[in-house]
Each structure stands twice: as structure tokens, then as C-alpha cells.
1. For the structure I just gave you, tell me whether GLU106 is under 22 Å from PHE252 (Cα atoms), open to solvent by 50 Å² or more (accessible area, probe 1.4 Å) and not in a strand (DSSP E or B).
2. Out of (1) closer than 28 Å to ILE176 by Cα; (2) open to solvent by 40 Å² or more (accessible area, probe 1.4 Å), the odd one out for MET120 is which?
3. Mind counting the residues in segment 145-169 that are among the hydrophobic types (A, V, I, L, M, F, W, C) and open to solvent by 50 Å² or more (accessible area, probe 1.4 Å)?
4. For segment 30-49, does any single residue satisfy the condition of being within 16 Å of LEU81 (Cβ to Cβ), touching a residue at least 60 places away in the same chain (Cβ under 8 Å) and in a loop (DSSP other than H, G, I, E, B)?
5. Determine which member of the set GLY94, GLY112, GLY139 is in contact (Cβ under 8 Å) with a residue 24 or more places away in the chain and open to solvent by 10 Å² or more (accessible area, probe 1.4 Å).
6. Among the basic types (Lys, Arg) and out of contact with any strand residue (DSSP E or B) (no Cβ under 9 Å at 6 or more places or on another chain): does that describe ARG128?
7. Looking only at segment 109-134, which residues are assigned to a helix (DSSP H, G or I) and either farther than 16 Å from PRO54 by Cβ or aromatic (Phe, Trp, Tyr) (or both)?
8. Taking the options ARG14, ARG79, name whichever one is open to solvent by 40 Å² or more (accessible area, probe 1.4 Å), under 25 Å from ARG144 (Cβ atoms), without any contact (Cβ under 8 Å) to a residue 40 or more places away in the chain and not in a strand (DSSP E or B).
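The values are calculated or read from the model by the stated rules, or taken from the named source; none is laboratory data. Computed from a prediction, not measured in an experiment: that's the story for all the values here. For neighbour counting, all protein chains shown are included, and Cβ atoms are generated from backbone atoms with ideal geometry for every residue, glycine included. Accessible surface is based on the protein model in full, side chains and every heavy atom, while ligands, DNA and RNA are left aside. Shrake-Rupley method; radii C 1.70, N 1.55, O 1.52, S 1.80 Å.
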Amino acid sequence: MKKQYTNAIVTEKRDLGGGITEMWLMAPDVAAQAVPGQFVALYCSDGSRLLPRPISICDVDEERQKLRLVFRLAGAGTRELAATRVFEGIPLLGPLGNGYPPNVGERPLLVGGGIGIPPMLFLAKQLRRQGRDVSVVLGYRDSRMFLAEEFSEYADVFAATDDGSAGTKGTVVDAIRENGLTFDWLGACGPMPMLRGIKALAEQRNVPAYLSLEERMACGIGACLGCVCKTKNRDAHTHVNNSRICKEGPVFEAQEVEIG
């Protein structure tokens, strides 16, 4: 799959609240190649911020050749990106990384936590198109449940909130157990404690799990070795058991990666 540098044009933008921004970008070549689980690298115009910001792909509109990104304002770089006006361009490289496997089982359970929720929408959409019986568990801090309603078009949706204001009070694993959910594989993206819980649950249920790891990235293309994680596989560059999250990931089979 060829990575594309392009000047992506912002066509729509809105504030989802809680420091979350949604943006649609016209990027025909990238939209044509992207698969669920991949990400793009967005470049700021401020010369003091040379490194790109990696952002997961939330959705693709193939007909209109657009990418949808949903991201949290985490620093000066993402604030600059969120301030980009409609019809302005953002330099972009992508699609980057690997995605979730397309054919694993018939009853997938997708789990997203926090800003790991957006890429699950793209995956749920693809799996429903394939005729899969999809369930989704989404983890939030409180009742500000961005994107939750959109998931209902593609999946049975369950929620967990830290404060108990919606869904199950507790973790996504608590919600899975409380609702008696059954599944033949897991796909997840979110903070590391959540992924550890999902990996443990997959081992208990004896089903495969695929985890998208979140990590600070520099180059986004595997050159700088700044986002490695411990795996069972020996890396050709370092000759130790490391894999580059931006290159070999961000999606890994749970048994291949150490996230303890």
C-alpha cells in the first residue's frame, strides 16, 4: 500500500465538546486506500513544530473521497490543527500503519475507550457491511458520549462510564460482563489499562484479540524507532524483541505484544 503526501482540504469541522474536534478532509488517494485501524500524520504550519501529529482514521466517505478524523486537543499542535478553517489545507501523510484483520469471526466485539473510540466506528461500519453480527462497548468518563449514537447504525451498542452517569458504572470489561456479551473475537483501541483488561478477557474466553496501541510517535513511518513496544518478534533494525507501533502496528494480535 503506497503512502501518500497530500495537501488535504478541510471541508467540514465541528466541536463535539469536551475538547474533541471532528474534521472531514478531502484526500482522494488516502481515502481510496485506508482501512480500519490505520492513521494519518498531520503537519502543522508552525515551523517550531516539525513533527507530525498522528491521528486515527474515524471514517472514510469513499464516494466523496474524504477522511473523517476525530481527535482530542492535547497540546499546541492539535490546537493549531483544530483551528484550521474550512477550505484551508493541511499537509498529510497516509495511510500509515496496519489495520484490523478483515476476516476473523462472525461475532466481533469492538471496544473503544476515550479517544480510542473513533477508529472503532470505521471498523464497525466495515464489519457490518460484511454481514457480521457486531457489538460495541464504549468507555467514557461521563455522559458526554461523543459518537455513541452513530455506532447504533452498525452495531449493538453498550457503554461504560467512570461516574455511572450512563451505561455500566466502571470499566468496559465490567460492561461486557454485566451485559453477558458473547463474541468470537475482540478488537480494541484505548488507553493501556483498558487494553490490558481486554487482553486478559480474551485469554479467559479463549478468543483472539487485536489491540491498537496508543503511543507518542515522531516520524510515523518507522525510521526513528521512537515508538517501539516489546513483542515476540525480533526486530530487523535493533535485533531485539521490539516492534515499531507506527510501522508493524498500531494493531497487534494480543498474544504477540507485551502490554503488562
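1. yes
2. The failed condition is (2).
3. 3
4. no
5. Working: GLY94 fails: open to solvent by 10 Å² or more (accessible area, probe 1.4 Å); GLY112 fails: open to solvent by 10 Å² or more (accessible area, probe 1.4 Å).
When all the criteria are applied, what remains is GLY139.
6. Values: among the basic types (Lys, Arg): yes; out of contact with any strand residue (DSSP E or B) (no Cβ under 9 Å at 6 or more places or on another chain): yes.
Taking the combined requirement at face value, the residue satisfies it.
7. MET120, LEU121, PHE122, LEU123, ALA124, LYS125, GLN126, LEU127, ARG128, ARG129, listed by residue number.
8. ARG79
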